[in-house]
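I have placed the structure first, in the form of structure tokens, so that the comments after it can refer back to it.
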Amino acid sequence: MRKLILCFISLVFSVSAALYADAVIVNPEPGTWANKQILELDVPDDEVAFYSLNGSDPVSSGFAYDGPVLLDIAGSIELRVITTKNDKVAADMTVIYTVTPAVPSDREASTFIDSVTPRGIIDYTAGTSLSIPSSLSYSLGKQPESYLKGGALSYAADCILSRDIPCTVTDGTAKWRFIIRTIPSQSGVFTRRTVPFKISDWSTITFTNSKFIYKIDDSYWAPMKDPVRLDRSVSHTIYWQSIAVSAGNPVESFELAPKPAVFVSSSKSGTVTAVLRGGDNYRFGIDINDTVVLFEIACIDTFPGDETKGILDAGIYYNAVYQGTLPVSYNVDKRAPCAPVIKSSASSFYSRKNVDVKIEGEPGSELYVAVSAPVPVTGDVPADVSHSEFNSVKADSFTLSKSGSVVLESTSENAVYYKLCAFSVDGMGNKSSVSAYDVIIDQYNYYLDASADRKDADGSRLHPFTSFEQCLDVLKTSRYAHITINGTIRMPAGESVFASNCVINGRDDARLIFDPGSSIVVRSASFSVSDCVLECSGTGDIQKNTNAAFIQLEHSVLLLKGCEVTAVFGDNGTAVTADTSVINVADSGITSKATVYTSSISSVATKVTIKNTRVSAVAATAVNFSVQGGDFELRSSSCNITGSYGRSVELFGTHSRITDNTFNADLSFGSRTGNAVYTDAKNVAVEYSGNILQGF
């Protein structure tokens, strides 16, 4: 048999033919490769192989195979191999693969690939080091691929096995495939003794020099023309001298020790070691480049990430004379399991729900899983999980997983990031490479941009909502929503009811435009808006409403920061009304306009806090604040009223703190209005200082 997998092993040290009864395509394999492929076949000795590269019949129009050959062709290739025996087809095999040339971006990796591709073969001698750049991952043997990180590869220097090992390397984008051709090192003994006989099958002795006479043990001297069979379970001595018998002739001899036994052991690393027991001078012999090298111990080893098994018919020498062969069974398993396959209920890195993760390890292996602590994502949710803030997140506390199932949950109103890692360990202790998975779970953060593409709009940063109706639908089913608005958004007609907590942040001159008749009602929830314009103006139903309110709070919380609120009414209207609620306004502006009466903020039993804010009311009767009960705090703000009559502040039964404000009035009948701040007898003025009044 022409055994190209063990191409250097001669008859004195060969693999059992029973293991390779059929022709095999060692390389190439199906897939897309970034380098031209070498063709290597394992063909029985009594068969002849032919191949073609376009799927045609290679016997009639292809090439005869006589050894490994680099297929100098790129693109889509249909390799067809036919072997024949006695002019009949013995095997017909096809491999379809594609060659798309590519070069790694890493310089060291590129240099390595350049050194491999011209031949498609790397030569390796046992005990030396083969360096694969760390920017590449490698997988040895046939598919499925099981990758390990590149580095310095080696195995035991006394390994006597020669093989051709397919190797695939990848930079995560492209794959390059080639052959590693391994040979033993010439580190054994080269001594060979010449004797006038030949031993075959241990027991058959054939005498090769007719000029000698021989005797075995205590037999008589005689010429030996015919082979002699000996019992090799006991010792024998073969003597010989010149056929011209003379008293001075030297008599030479050779002792035959009993046939030894082979003892095989495996180390923790998987290396197989074979020793001979039965005589101190027995050695294993291997033919390396037509030179027989003798080894006291036969080692069988391979690279990390590879496996090999079989039966070696090992050539045995005694006192440097060949005796026969002995079978050595071996199984070296250093091949790591395939990296676990991670399947997620999330369709992308970004999930709106808790995520169910299933991890599948190679059958027969144990699965170890580590999950990072949830990392809150503050500010904008990244467009992908490669964001630098996640680089330092570790998932390295591995525990044995029986179920292979993990549930990743949202833990706060922030988006949270998880990293999950997993590896497998087989029965030999081989550890797979680590599979990693990361995801952002964001149940509450939504993005809104009317100019965005409506296709696949899910409210994520990559696919924002395009209408506020979509946000309201979320609020109907969620307890909280954080909405980031870009540009101008037109609000739905009628009342927009917020019954769940909602935070709105504006970007890029964000504006919420309310058509006439549109308003906001907040019921038993908090509503926070920052850096946004809320504008309701024009004509229509709201003009006809004699008691209109733009923002209504019912047992709720309103927070405004960096906002501009403008409400234009018909006869009467109030920008913000509140019942048993909390209002907190800072660094903002609130303007209300009406024909007859308007109030910027009107509240009952509510805590009102206004800081660094401009408040304006324009109407025949204009009031900035009308507060009944609760607490009222007004600091460092300007309050403006324009009309016939009006006051900046009316307080009825409150606790008030009013400091460092400017009150401006432009009133036709200002003299009838009185002071800028009106308080009834039940009001408690806790603070009142530093205020400036103009026009009162």
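Within region 663-680, identify whether any single residue is under 16 Å from A622 (Cβ atoms), β-branched (V, I, T), at pLDDT 90 or above and buried (at least 18 other Cβ atoms within 10 Å of the Cβ), and answer yes or no.
yes
Sort out which residues of region 516-538 are of a type outside the set (V, I, T), within 16 Å of R490 (Cα to Cα) and touching a Cys at 6+ places or on another chain (Cβ under 8 Å), and write them in order of number.
P516, S518, S519, C532, L534
Mind listing just one residue for me: the one in region 436-448 that is open to solvent by 20 Å² or more (accessible area, probe 1.4 Å) and in contact (Cβ under 8 Å) with a residue 40 or more places away in the chain and, of those, nearest to C338 (Cα to Cα)?
Among those that are open to solvent by 20 Å² or more (accessible area, probe 1.4 Å) and in contact (Cβ under 8 Å) with a residue 40 or more places away in the chain, it is A436.
Go through region 435-476 residue by residue and tally those that are acidic (D, E) and within 22 Å of S410 (Cα to Cα).
4
Name the residue, out of K334, K343, that is loosely packed, with under 15 Cβ neighbours inside 10 Å, within 30 Å of A395 (Cα to Cα) and at pLDDT 90 or above.
Unique residue meeting the criteria: K343.
Report, by residue number, each residue of region 227-265 that is in contact (Cβ under 8 Å) with a residue 12 or more places away in the chain, among the polar types (S, T, N, Q), out of contact with any Leu (no Cβ under 9 Å at 6 or more places or on another chain) and not in a loop (DSSP other than H, G, I, E, B).
Within region 227-265, Q241, S242, S253 meet the criteria.
Give the residue that is most open to solvent (accessible area, probe 1.4 Å), with candidates limited to residues of region 123-139 that are of a type in the set (G, A, S) and within 23 Å of the chain's Cα centre (by Cα).
By that ranking, first place goes to S134.
Return yes or no: is T173 at pLDDT below 95 and either open to solvent by 10 Å² or more (accessible area, probe 1.4 Å) or part of a strand (DSSP E or B) (or both)?
Considered against the rule, which asks whether it is at pLDDT below 95 and either open to solvent by 10 Å² or more (accessible area, probe 1.4 Å) or part of a strand (DSSP E or B) (or both), T173 comes out as yes.
Looking only at strands (runs of 3 or more DSSP E) that fall completely inside region 463-533, which ones have 3 or more residues that are open to solvent by less than 20 Å² (accessible area, probe 1.4 Å) and either aliphatic (A, V, I, L, M) or in contact with a Lys or Arg (Cβ under 7 Å, 6 or more places away or on another chain) (or both)?
480-490, 501-514, 519-523
Inside region 219-270, can you point out the residues that are buried (at least 17 other Cβ atoms within 10 Å of the Cβ) and within 30 Å of I300 (Cα to Cα)?
Those that are buried (at least 17 other Cβ atoms within 10 Å of the Cβ) and within 30 Å of I300 (Cα to Cα): R232, L256, A257, K259, P260, V262, G270.
From D231, D217, D226, which residue is among the acidic types (D, E) and farther than 26 Å from Y282 by Cα?
Only one candidate qualifies: D226.
Restricting attention to region 150-167, and to residues there that are touching a Leu at 6+ places or on another chain (Cβ under 8 Å) and not hydrophobic (A, V, I, L, M, F, W, C), which single residue is surrounded by the fewest Cβ atoms within 10 Å (Cβ to Cβ)?
S154
Just one of K394, K353, K358 is under 21 Å from L148 (Cα atoms), open to solvent by 30 Å² or more (accessible area, probe 1.4 Å) and of a type in the set (K, R); which is it?
One residue alone meets the criteria, K394.
If I ask for residues that are assigned to a strand (DSSP E or B) and either in contact (Cβ under 8 Å) with a residue 60 or more places away in the chain or hydroxyl-bearing (S, T, Y) (or both), which ones from region 199-223 would you list?
I199, S200, T204, T206, Y214
With the condition being closer than 30 Å to S137 by Cβ, touching a residue at least 60 places away in the same chain (Cβ under 8 Å) and open to solvent by less than 50 Å² (accessible area, probe 1.4 Å), I'd like the strands (runs of 3 or more DSSP E) fully within region 27-122 carrying at least 2 qualifying residues.
31-33, 38-42, 88-99
Would you check if T273 is under 30 Å from Y147 (Cβ atoms) and open to solvent by 20 Å² or more (accessible area, probe 1.4 Å)?
yes
Considering (1) free of Cβ contacts under 8 Å to residues at least 60 places away in the same chain; (2) open to solvent by less than 40 Å² (accessible area, probe 1.4 Å); (3) touching a His at 6+ places or on another chain (Cβ under 7 Å), say which one P196 fails and leave the rest.
(3)
Looking only at region 545-574, which residues are in a loop (DSSP other than H, G, I, E, B), open to solvent by less than 10 Å² (accessible area, probe 1.4 Å) and at pLDDT below 95?
Matches in region 545-574: F569, G570.
Can you name every residue in region 279-293 that is open to solvent by 10 Å² or more (accessible area, probe 1.4 Å) and either among the charged types (D, E, K, R) or modelled with pLDDT of 85 or more (or both)?
D280, N281, R283, D287, D290
For region 419-433, give me each residue that is within 18 Å of the chain's Cα centre (by Cα) and open to solvent by less than 30 Å² (accessible area, probe 1.4 Å).
The answer is L420, C421, A422, F423, S424, S432.
Can you tell me which residues in region 311-327 are farther than 18 Å from N281 by Cα and open to solvent by 10 Å² or more (accessible area, probe 1.4 Å)?
Once the filter is applied, which keeps residues that are farther than 18 Å from N281 by Cα and open to solvent by 10 Å² or more (accessible area, probe 1.4 Å), region 311-327 yields I311, D313, P327.
Tell me, yes or no, whether region 376-385 has at least one residue that is free of Cβ contacts under 8 Å to residues at least 40 places away in the same chain, open to solvent by 20 Å² or more (accessible area, probe 1.4 Å) and closer than 30 Å to S134 by Cα.
yes
Counting only residues that are open to solvent by less than 50 Å² (accessible area, probe 1.4 Å) and not aromatic (F, W, Y), how many does region 294-310 have?
Adding up the residues that qualify gives 10.
The values are calculated or read from the model by the stated rules, or taken from the named source; none is laboratory data. Being a predicted model, the structure only gives us computed values, none of them experimental. When we count neighbours, we look across all protein chains shown, and the Cβ atoms used for this are built from the backbone with ideal geometry, even at glycine. These area figures cover heavy atoms from the full protein model, side chains too; ligands, DNA and RNA do not enter into them. Shrake-Rupley method; radii C 1.70, N 1.55, O 1.52, S 1.80 Å.
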